[in-house]
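Since the structure comes first, as structure tokens, the remarks are kept for the end.
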Amino acid sequence: MTSLFDVGKSAIQAYRQSLAVTGQNIANINTEGYMRREANLQEVTASQGGITSIANQAGLGVRVANIKRSFDAFLTDSKLAANANFQRMDSYVKQLEKIETALLPSDADLGTQIGNFFRSLGDVSAAPSDLAPRVVALEQGRSLAAAFNSTFLQLDNFKKATIAQMQDAM
């Protein structure tokens, strides 16, 4: 038969371990990814007894049965969903940045090409009998048409990629 001191000793040891788990929870409260832990206490039961003897109903104390992590399934699912939404929106932003880069003013953008074409037409109107400005105007027209075709192909590829991303998201 166990003494009262042994029962008290087991209780103090179990609560000391439980308090250590609580201390870890407090120490790691701001640690990203740390999940609160919880110590589960369990009674240490007496012997079962034999065929001819009656089992002793007095307990032997308490012990830590297990330490398990606490987590909220809703928060975990919400975090996963938010991360998936962020990844999807981030891919849309990258696609829009590509479109923006294609359309922003640069040395070879449509605005520059249109300006060069109209300047060459102004040169033709300034000297209608001169052949050189006409040749330049024709080349500027071809260059402008090529720039329109190139921009169309880029935008069409961006559109197809965006549609594919949207279909994958559904």
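Only the coordinates and a few stated rules stand behind these numbers; no lab work does. These figures come from a predicted structure and were not determined experimentally. Because the Cβ atoms are built from the backbone with ideal geometry, glycine has one as well, and the counts that use them run over all protein chains shown.
For Leu41 and Asp77, what does the FRET efficiency come to when R0 = 22 Å and r is the distance between their Cβ atoms, rounded to the nearest 0.05? The partial results should precede the final answer.
Values: r = 30 Å, r/R0 = 1.37.
Plugging the Cβ-Cβ distance into 1/(1 + (r/R0)^6) gives 0.15.
The C-alpha atoms of the chain define a longest principal axis, and helix 110-126 lies at about 10 degrees to it. Tell me the angle of helix 73-103 to the major Cα principal axis of the chain, expressed in degrees between 0 and 90 and rounded to the nearest ten. Between the helix axis and the principal axis of the chain, the angle is about 10 degrees. Percent relative contact order of the chain, based on C-alpha pairs within less than 8 angstrom and at least six residues apart? Relative contact order comes out at 16 percent. This model, with +1 at the C-beta of Lys and Arg and -1 at the C-beta of Asp and Glu, gives the range 75-170 a dipole about its Cα centre of some 200 debye. Shown here: percent of Cα pairs over 24 Å apart, derived from the displayed model; of the candidates [x] 40; [y] 70; [z] 45, it corresponds to [y].
Treat every Asp and Glu Cβ in the chain as -1 and every Lys and Arg Cβ as +1, leave all other atoms uncharged, and give the resulting dipole magnitude about the Cα centre to the nearest 20 debye. Don't skip to the end; give the middle numbers.
Numbers: 16 positive and 16 negative charges, 154 e Å.
That gives the chain a dipole magnitude of about 740 debye.
Helices in the chain, meaning DSSP H runs of at least 4 residues, each add -39500 (n - 2.57). Divided by all residues, the mean residue ellipticity at 222 nm is -23500 deg cm²/dmol. At q = 0.10, 0.16, 0.17, 0.25 Å⁻¹ the log10 of I(q)/I(0) for the range 75-169 amounts to -0.46, -0.76, -0.81, -1.16, computed by Debye summation with a single uniform scatterer per C-alpha, solvent ignored.
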